[in-house]
Each structure stands twice: as C-alpha cells, then as structure tokens.
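Before any comments, here is the structure.
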C-alpha cells in the first residue's frame, strides 16, 4: 500500500454518518501507508456527488485524472 494515493470524496450535504465513514476510511488508509486526502464537497450528496465528473475541469475529475 506504500506509495498508493487515495482520495475519499463525499458530499458535504450528507448525513453525519456518511461524513464520519469517509473520514474514517481516509484515516485507515493513512495508517496503512497510503497518501490520502479527504474531500467533503459542499452542497453535494450521494446522488449528485459524481456530477463533477461531467466537467473536465472540476476538482473531482482533475483528482481522478491526475492520480
């Protein structure tokens, strides 16, 4: 896992449990040696959090392509 880059991306409008689980997932991967980042995108939820992938300049798309 060393050298692996992982981004945990969650909608900021999610319930607190989803936000907690996303942060926990990032923390676990960090403990395993992965370089992680955790993003809570404002005004998004689990139905529209992937909408940014339709825009090549959106931070979610850039993160996916750059990694």
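Total residues in the range 20-67 satisfying the condition of being closer than 19 Å to residue 3 by Cα and in contact with a strand residue (DSSP E or B) (Cβ under 6 Å, 6 or more places away or on another chain): the figure is 11. Scanning the range 40-61 for residues that are touching a helix residue (DSSP H, G or I) at 6+ places or on another chain (Cβ under 9 Å) and surrounded by fewer than 17 Cβ atoms within 10 Å (Cβ to Cβ) gives 45, 46, 50, 51, 53, 54, 55, 56, 58, 59, 61.
Do we have residue 65 as outside any helix (DSSP H, G or I) and either free of Cβ contacts under 8 Å to residues at least 60 places away in the same chain or surrounded by 12 or more Cβ atoms within 10 Å (Cβ to Cβ) (or both) here? When the stated conditions are applied, residue 65 does not pass them.
Just one of the numbered conditions (1) modelled with pLDDT of 95 or more; (2) farther than 19 Å from residue 62 by Cα is not true of residue 46: (1).
Restricting attention to the range 1-36, the residues that are outside any helix (DSSP H, G or I), surrounded by 14 or more Cβ atoms within 10 Å (Cβ to Cβ) and either in contact with a helix residue (DSSP H, G or I) (Cβ under 7 Å, 6 or more places away or on another chain) or free of Cβ contacts under 8 Å to residues at least 12 places away in the same chain (or both) total 6.
The values are calculated or read from the model by the stated rules, or taken from the named source; none is laboratory data. Everything quoted here is computed from the prediction, not taken from an experiment. Positions of Cβ are backbone-derived with ideal geometry, glycine not excepted, and every protein chain shown enters the neighbour counts.
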